[in-house]
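A short write-up of the structure that comes next.
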Amino acid sequence: MANKEKSLVKNVLLFSIGNAGSKLLMLVIVPLYTYFVTAEQMGMYDVAHTYIGLFAPLAGMALYEGIYRWLLDDKGEKRKILKNGIFLTVIFVLIFDVIAAVVLWLVQYEFAVEFILVVDTTAAYTLAQFVTRGLRNNKIYALQGIIYTGTLILCNIIMVIWLKMQAQGLLLSIAAAGIVGTVYMLLVQRKGLRSEEKGTLDKRLSMDLVKYSVPMVPNNIAWWLVSASNRLVINWSLGNIANGVYAISMKFPTLVNMLSTFFYQAWQDQAITEYTSEQRDAYYTKIFNIYMKLLLSGIVALFPVTKFIIVYFMDASYHDAYKYIGLLYLSGVFNAFAAFYGTGYLSSKKTGGAFTTTIIGAVANVLLTFILIKPFGLYAAAIGNMVGNIAIWVVRMIQTRKHFRINLSYGIFALLIAVCLVSMILVNLANLPMMIILEVVLCVFFVIINKEMMKKLLGMLKSKAKK
C-alpha cells in the first residue's frame, strides 16, 4: 500500500477510533429515548434541532470553513488567521442572537432560550473543531469527539431519563456537550499557539475569509434543504407524531454519515494536498471506487439488524420506522459520494460551485416531498431525500470535471445498487428467522466484495503491530 494511501487509512482510523465508539454508544441509547420521550415530544425536538442545523452555520457565516482552509496553507500566520476569523465569527453570532431573540419573542416560541443557546454553542463547537483540524491536531480532534459524546450521553441520562425533561432535556444536553467540547479544545491547544507570532486584525485577510466563507452559507442552507427540510413538510402535513417516527428512522443512517464523516475529514486534507499531483485523477479514481464498494456493500448488511433493533427494542409507537431505513441508508451513501466530489471546490478555492449543485438537490427534495407526502406519507420524505442527494452527486460529477476526472466502475456500481434494492424489499417483508439468514448472507457478501481492500488493511495492521 502506497505511503499516501497508508496516510489516508491512518487518519481515517484515527478519526474512527476517537469517535466511533462514542458515536455507537450514542446510537445504542436511542431505543431508551422511545420509552422516555413521547413521539410528539420527539417530533417537537426534531423540528427545533432541524432549525438549529440551519441557523448554526448561518449565525457565524460559515467562517470556520475559511479559517480551516487558510490554516492548511500554513504560511506562519496562524495567530493572525485565528484572531481575524474568531473576531468576525463572534460579531456575526452576536448579531444573529439579537435578531433571533426578537423574532422568537414575537412568535412566543416555547424553546426560545434553548434554541439560541444551542445555536451559539454549536457555532462555537464547530469553529473549535475546524481550527483543531486546520492546525492538524488530529489526535486532539479525535479525543474531543469522545468527550463531547460522553457529555451528551451523561446529560441525556440526567435530563431525559432521570429528570424526564423530554424535548427540553435533549436540547440542553446538546448545549452542555458543545460547551464542554469547545472548552477542552481551547485549553489543550492554547499553549501551543503562544509560541506563534502576535495576531493582528487585518482588513484584507478578513475580507478574504469572508469572500471564501460566505458562498458556503447558501451551500449550507441548500444542504439543510436536502437533508432536513422534509422534516418540516412532515410536521406541517402529518403532525409531530409522524415527525417523531421519522426522526427515529433517521437516527440509524447516521451510521453512514458518521463513517463518511471520518473518511471525509481525512480525505479532505489529502485531496487538497494531492490536487496539484500529476497522478491526481488516477489516485482519486482508485480511492473513490474503494469507497463506493465499502459503503454500498456495507449498508445492505445493516438493513436486517436495524429492523431487528427497531421492532424488538423500541416502544411500539416507533415500530413503523424500519420501513424507511433502507431508502435513508441509500440516501446517506449518495450524500457521501457528493461530499467526495465536493473536495474539488475546496481544493481550487472556488466554493461558489458547491452551492449551485446543492441547490438542485434541495429543490428536488422539497418538490418531491411536497408532491408525494399525501399519497405516500413518510415514504415521500425518504424518497425526496434520496433523490436530492443523487441529483447533487450527478451534477457534481459533471461540474467537477474541470477540476479532476474520476472513472466510476459502473459495472460493480450497478450490481451493488441492485443488491441494495432487492435486500431492502426482502428485509421489509422478512420475519425474525429470515432476518437472521439475510444478515449472514449480506455480511458474507460484504467480505467478498471488499476482500482485496481488507487484505491490504490487515497486512498494514500486522506490519504496524510488529514494529
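Laid out as a table, the results:
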quantity: Residue match in region 234-241 (condition: modelled with pLDDT of 80 or more, crowded, with 20+ Cβ neighbours inside 10 Å and farther than 30 Å from residue 44 by Cα); calculated: no
quantity: Members of region 196-227 found to be closer than 27 Å to residue 86 by Cβ, among the small types (Gly, Ala, Ser) and in contact with a Gly (Cβ under 9 Å, 6 or more places away or on another chain), listed by number; calculated: 206, 213, 222
quantity: Flag for residue 293 being in a helix (DSSP H, G or I), surrounded by fewer than 23 Cβ atoms within 10 Å (Cβ to Cβ) and more than 21 Å from the chain's Cα centre (by Cα); calculated: no
quantity: Failed criterion for residue 404 (all others in (1) at pLDDT below 85; (2) buried (at least 19 other Cβ atoms within 10 Å of the Cβ); (3) part of a helix (DSSP H, G or I) hold); calculated: (3)
quantity: Among the candidates 88, 172, residue that is in a helix (DSSP H, G or I), closer than 30 Å to residue 244 by Cβ and among the aliphatic types (A, V, I, L, M); calculated: 172
quantity: Search result, residues across region 47-60 that are of a type in the set (A, V, I, L, M) and under 14 Å from residue 124 (Cβ atoms); calculated: 52, 56, 59
quantity: Flag for residue 387 being out of contact with any strand residue (DSSP E or B) (no Cβ under 8 Å at 6 or more places or on another chain), without any contact (Cβ under 8 Å) to a residue 40 or more places away in the chain and hydrophobic (A, V, I, L, M, F, W, C); calculated: yes
quantity: Failed condition for residue 212, given (1) surrounded by 20 or more Cβ atoms within 10 Å (Cβ to Cβ); (2) at pLDDT 85 or above; (3) aromatic (Phe, Trp, Tyr); calculated: (2)
quantity: Some residue of region 12-23 being modelled with pLDDT of 65 or more and under 22 Å from residue 261 (Cβ atoms); calculated: no
quantity: Residue within region 151-165 that is crowded, with 18+ Cβ neighbours inside 10 Å and under 18 Å from the mean Cα position of the chain (by Cα) present; calculated: yes
quantity: Among residues of region 301-345, those that are within 21 Å of residue 435 (Cα to Cα) and either in a helix (DSSP H, G or I) or hydroxyl-bearing (Ser, Thr, Tyr) (or both), counted; calculated: 27
quantity: Test: residue 104 is free of Cβ contacts under 8 Å to residues at least 24 places away in the same chain and part of a helix (DSSP H, G or I); calculated: yes
quantity: Residue, surrounded by the fewest Cβ atoms within 10 Å (Cβ to Cβ), within region 90-143, restricted to residues that are over 30 Å from residue 263 (Cα atoms) and either of a type in the set (Asp, Glu) or touching a Ser or Thr at 6+ places or on another chain (Cβ under 8 Å) (or both); calculated: 110
quantity: Single residue of 180, 226 found to be at pLDDT 80 or above and either under 22 Å from residue 359 (Cα atoms) or of a type outside the set (Ser, Thr, Tyr) (or both); calculated: 180
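The values are calculated or read from the model by the stated rules, or taken from the named source; none is laboratory data. Computed from a prediction, not measured in an experiment: that's the story for all the values here. Please note: Cβ atoms are built from the backbone with ideal geometry, for glycine as well, and neighbour counts cover all protein chains shown.
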